[in-house]
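A short worksheet on the structure shown next.
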Amino acid sequence: MSDIADGSLAYEGVKRIEWADRGMPVLRQIRERFAAERPLDGVRVAACMHVTTETAGLIRTLQAGGANVALASSNPLSTRDDVAAALAEEFGAQVYARAGIDREGYYGHIHQALETGPDLVLDDGCDLVNTLHTDRQDLLGTVKAGCEQTTTGVIRLHQMVQEGVLRFPVVAVNDTATKHMFDNRYGTGQSTLDGIVRATNTLLAGKTIVIAGFGYCGRGLAERARGLGARVVITEIDPVKALDAALQGFTVQPMAEAAPHGDVFITVTGNRDVVNADHLAVMKDGAILANSGHFDVEIDVRALDAMAVAVHRGVRPQADEFVLADGRRLVLLAEGRLVNLAAAEGHPAAVMDMSFADQALTCAWLATAHESLAPAVHDVPAEIDGQVARLKLASMSVVIDALTPDQEDYLHSWRIGS
């Protein structure tokens with residue numbers, strides 16, 4: 001039994017899902033193959049993911065492969081009630097998701113998805129896996145393996161491995177080359193700026209944009225912000241990434257130095273308190289604060305709330321204005337949650353096509369491969385990553401070269417000299 005906001009929204013949800021599906025040719029090809037081969041026949045899948053039109057494409061693909069799917073939302077602000085209704089009413093998934101639900105309801109939905117007794121779990125941030133290992137250890141015996149979609153989640157999983165508590169193998173879908181390139185760099189780069197512009201209607205040209213973190217997400221953001229005419233400042237803790245940013249021509253500074261000068265601040269680190277009270281205390285009037293890293297801890301929202309003498313909620317959709325004692329106003333977007341999903345529509349379908357293709361093929365592989373995998377964090381098999389890239393190139397009508405037999409021999413022999 002699903003828990004959704006309004007089943008009558010299913011028709012609108014189906015239209016949106018079908019529109020997104022047009023931009024996901026790789027996943028469509030995999031869905032057709034799954035329907036013929038049924039690699040997930042009878043497999044119970046519990047997923048904690050953003051309930052969006054693109055996610056619906058993945059859920060339908062798993063169902064085509066024979067899976068029984070229960071879906072809980074990984075972020076109440078990104079949940080599309082019409083998509084949840086369509087998946088539950090028209091496509092036969094068990095869906096536990098309502099837009100804007102509170103923390104108690106959020107975890108309640110995760111528990112409901114887990115009550116299905118899953119064989120495989122799909123996570124986006126590790127909350128579902130965390131709940132299994134803390135509150136629902138009684139269900140761990142049925143779980144054979146899982147997938148994790150985000151950098152934040154993979155970090156948490158590695159911590160679980162270090163402490164010796166992870167009970168089943170989890171594949172870091174986030175760490176595939178196709179996912180890093182398409183999802184993190186191109187997807188986050190575009191959709192984050194899209195969310196900021198929708199929420200504020202600000203002109204980015206000429207602004208100073210401070211980006212915390214220069215991983216794949218930060219690089220994509222920096223490239224696109226510079227393309228829109230912004231001055232870009234990078235803050236980093238990793239010397240190699242900081243050097244990379246500097247050699248690409250970006251200004252690199254500590255956040256304490258950048259804080260008084262930035263017009264827009266964007267966090268993409270996966271860590272907490274990246275923008276803290278000391279930074280907030282010196283920001284200029286009208287500074288915009290946005291997070292696209294994952295959880296709502298990268299910007300210290302509690303400190304901001306404590307510093308404010310007045311808070312104007314909803315000055316624009318997904319924009320709250322905090323007035324400080326000296327009259328300065330700081331604008332927080334999406335409550336410090338993922339701005340690209342809360343204030344915009346997340347990644348374009350063409351981006352999620354790649355990420356969810358990786359996810360679908362990995363699920364099919366795990367259905368049998370789990371028996372040979374230890375309880376640890378595993379990489380996606382290289383052949384799956386390559387297969388997804390080839391399918392995407394084919395959908396774009398792009399043809400690449402192939403090695404000749406002589407070239408193959410040269411690459412695999414140490415006896416051939418220069």
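Some notes on this structure:
- One residue from L122, L157, L166 being among the hydrophobic types (A, V, I, L, M, F, W, C) and closer than 22 Å to E104 by Cα: L122
- Condition check for L77 on (1) crowded, with 19+ Cβ neighbours inside 10 Å; (2) at pLDDT 95 or above: one failure, at (2).
- Within the span defined as segment 246-263, every residue fails to be open to solvent by less than 10 Å² (accessible area, probe 1.4 Å) and under 24 Å from the mean Cα position of the chain (by Cα).
- Residue match in segment 36-54 (condition: of a type in the set (S, T, N, Q) and either over 27 Å from V339 (Cβ atoms) or surrounded by fewer than 23 Cβ atoms within 10 Å (Cβ to Cβ) (or both)): no
- Of all residues in segment 322-371, those satisfying the criterion of being on the phi < 0 side of the Ramachandran plot, in a loop (DSSP other than H, G, I, E, B) and open to solvent by less than 20 Å² (accessible area, probe 1.4 Å) are A343, A344.
- Helices (runs of 4 or more DSSP H) (entirely within segment 208-274) containing at least 2 residues that are in contact with a Cys (Cβ under 6 Å, 6 or more places away or on another chain) and more than 22 Å from A319 (Cα to Cα): none
- Whichever residue in segment 157-193 is among the charged types (D, E, K, R) and touching a helix residue (DSSP H, G or I) at 6+ places or on another chain (Cβ under 7 Å) and, among such residues, is modelled with the lowest pLDDT: K179
- Counted residues, segment 138-154 - those being among the charged types (D, E, K, R) and either part of a helix (DSSP H, G or I) or surrounded by fewer than 23 Cβ atoms within 10 Å (Cβ to Cβ) (or both): 2
- When segment 298-321 is limited to residues that are open to solvent by 60 Å² or more (accessible area, probe 1.4 Å) and out of contact with any Leu (no Cβ under 7 Å at 6 or more places or on another chain), the one that is nearest to V274 (Cα to Cα) turns out to be R302.
- Taken over segment 274-286, the residue count meeting the criterion of being surrounded by fewer than 24 Cβ atoms within 10 Å (Cβ to Cβ) and under 26 Å from the mean Cα position of the chain (by Cα) is 2.
- For segment 119-136, the criterion of a residue being over 22 Å from G293 (Cα atoms), polar (S, T, N, Q) and in a helix (DSSP H, G or I) is satisfied by at least one position.
- Within segment 373-395, the presence of a residue that is polar (S, T, N, Q), assigned to a loop (DSSP other than H, G, I, E, B) and either without any contact (Cβ under 8 Å) to a residue 24 or more places away in the chain or surrounded by 15 or more Cβ atoms within 10 Å (Cβ to Cβ) (or both) is excluded.
- Scanning segment 98-119 for residues that are within 22 Å of R156 (Cβ to Cβ) and in contact with a helix residue (DSSP H, G or I) (Cβ under 6 Å, 6 or more places away or on another chain) gives I110, L114.
- Some residue of segment 47-57 being of a type in the set (G, A, S) and over 20 Å from Y107 (Cβ atoms): yes
- So P254, is it touching a residue at least 60 places away in the same chain (Cβ under 8 Å) and touching a strand residue (DSSP E or B) at 6+ places or on another chain (Cβ under 7 Å): no
- Test: residue in segment 127-137 that is surrounded by 23 or more Cβ atoms within 10 Å (Cβ to Cβ), closer than 23 Å to K179 by Cβ and in contact with a Ser or Thr (Cβ under 7 Å, 6 or more places away or on another chain): no
- Among residues of segment 341-359 that are farther than 20 Å from A382 by Cβ, those with a Cβ under 8 angstrom from a residue that is among the basic types (K, R), sequence gap 6+ or separate chain, pair up as A343/R198; A344/R198; A349/R22.
The values are calculated or read from the model by the stated rules, or taken from the named source; none is laboratory data. None of the values given here were measured: they were computed from a predicted structure. All Cβ positions, even for glycine, are placed from backbone atoms using ideal geometry, and neighbour counts span all protein chains on display. These accessible areas exclude ligands, DNA and RNA; they are computed on the full protein's heavy atoms, side chains included. Shrake-Rupley method; radii C 1.70, N 1.55, O 1.52, S 1.80 Å.
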